[in-house]
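The values are calculated or read from the model by the stated rules, or taken from the named source; none is laboratory data. Owing to the predicted nature of the structure, the values given are computational and were not obtained by experimental measurement. Every residue, glycine among them, receives a Cβ derived from its backbone with ideal geometry; neighbour counts consider all protein chains shown.
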Amino acid sequence: MGVVIEIPSALKQYVNNQDEVEVSGNSVEEAFGALVSEYTELKANLFDENGKIRSFINVYLNDDDIRYADGLKSEVQDGDSIQIVPSVAGGCSTVKYS
C-alpha cells in the first residue's frame, strides 16, 4: 500500500485518464516526485519553472491544506490521500453595476 494521489479532471489526460494514482514516498514532495517521474507530461502542469507548485494549484493531505502544515515537506504514510485541487476563477467583465 502507498499514498493515493487524487487527480482532478483537468489533469487526468496526463495520467492515462486515471482518477487516482498510487505512489510511494515519505513526504508530499517525494510522492509528487514519484508521480511526475512516471507521468512526465504532468510535471509542467503542477510545477512552475522554479519547481514550486503552481499558484493556482491547491494541495490537500487527508483533506488538510498543506500550506498550513509543512507544505511539500509534510510527511505522508501508507494509506494517506493527497488531493490536487486547481483553483477555479471566472466572471464576466461586461456586467455593469448601478
Just to be sure I understand, how many residues within region 14-29 are exposed (fewer than 14 other Cβ atoms within 10 Å of the Cβ) and farther than 19 Å from D80 by Cβ? 2
Given (1) surrounded by 14 or more Cβ atoms within 10 Å (Cβ to Cβ); (2) among the small types (G, A, S); (3) modelled with pLDDT of 95 or more, G2 misses just (3)
Do you know which of the residues in region 30-71 that are out of contact with any strand residue (DSSP E or B) (no Cβ under 8 Å at 6 or more places or on another chain) and closer than 16 Å to V4 by Cβ is surrounded by the fewest Cβ atoms within 10 Å (Cβ to Cβ)? D64
Filtering region 1-36 down to residues that are farther than 15 Å from S74 by Cα and among the polar types (S, T, N, Q) yields S9, Q13, N16, N17, Q18
Answer residue from region 36-62, given it is part of a helix (DSSP H, G or I), touching a Lys or Arg at 6+ places or on another chain (Cβ under 9 Å) and touching a residue at least 12 places away in the same chain (Cβ under 8 Å) and is farthest from D80 (Cα to Cα) among those: N45
